[in-house]
1. Quick one: SER123 ticks every box in (1) touching a Phe, Trp or Tyr at 6+ places or on another chain (Cβ under 9 Å); (2) part of a helix (DSSP H, G or I); (3) small (Gly, Ala, Ser) bar one, so which box is it?
2. Which ones in region 2-61 are surrounded by fewer than 17 Cβ atoms within 10 Å (Cβ to Cβ), of a type in the set (Asp, Glu), in a helix (DSSP H, G or I) and modelled with pLDDT under 85?
3. Going by the structure shown, is PRO130 part of a helix (DSSP H, G or I) and under 22 Å from TRP49 (Cα atoms)?
4. Any idea which of GLY115, GLY133, GLY107 is touching a residue at least 60 places away in the same chain (Cβ under 8 Å), at negative phi and surrounded by 12 or more Cβ atoms within 10 Å (Cβ to Cβ)?
5. Going by the conditions given, is ILE68 within 18 Å of PRO144 (Cα to Cα), of a type outside the set (Ser, Thr, Tyr) and either out of contact with any helix residue (DSSP H, G or I) (no Cβ under 6 Å at 6 or more places or on another chain) or surrounded by 11 or more Cβ atoms within 10 Å (Cβ to Cβ) (or both)?
Amino acid sequence: MSLADDIQKLSDLKQSGALSEQEYEQAKQSLLAQHRPAEPLMVLDANTWGALIHLSQFCTYLLPLAGIIVPFILWQIKKDESAIIDRHGKIVMNWLFTEFILLIIAGILCFALIGFPLILLISIAGIIFPVIGAIKAGNGEIWPYPCSIRFFK
């Protein structure tokens, strides 16, 4: 039986005079309390969302371009809820654009052989920076990635 059916039965009992107004209200409140949805199992705070935005860069290892798309979508969905989430999203997107530009430059420099170690350094930074950013975000800190160009301020 649904909540609406139970309330309708109470209303019918009240209309027939079997329940007073006070008894009706008490019974209705009792039914509403029984049918309340359960509390969510986990509510994520701004720090956790910030950490997830940083760590979502690793989605690239699952699907090409997912490491750019997933952080962007998370940021866009949650940026209006918190200035902290917005700031973390900007930091991550600034790094992703910077990393892309640096990899293009390093790719061109591969003709001079200097590009190969640069690609290695950029790749290592692409692993270390998100981890540090996620740890700092989880602790409530804002950590702009070093060497990152600020496209979003």
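1. The failed condition is (1).
2. ASP5
3. On the way: part of a helix (DSSP H, G or I): yes; under 22 Å from TRP49 (Cα atoms): yes.
Spelling it out, PRO130 is indeed part of a helix (DSSP H, G or I) and under 22 Å from TRP49 (Cα atoms).
4. Values: GLY115 fails: touching a residue at least 60 places away in the same chain (Cβ under 8 Å); GLY107 fails: touching a residue at least 60 places away in the same chain (Cβ under 8 Å).
Only one candidate passes the filter, namely GLY133.
5. Numbers: within 18 Å of PRO144 (Cα to Cα): yes; of a type outside the set (Ser, Thr, Tyr): yes; either out of contact with any helix residue (DSSP H, G or I) (no Cβ under 6 Å at 6 or more places or on another chain) or surrounded by 11 or more Cβ atoms within 10 Å (Cβ to Cβ) (or both): yes.
Taking the combined requirement at face value, the residue satisfies it.
The values are calculated or read from the model by the stated rules, or taken from the named source; none is laboratory data. What you are looking at is a predicted structure, and each value in this text was computed from that prediction instead of being measured. Heads up, the Cβs are rebuilt from the backbone with ideal geometry, glycines too, and the neighbour counts pull from every protein chain shown.
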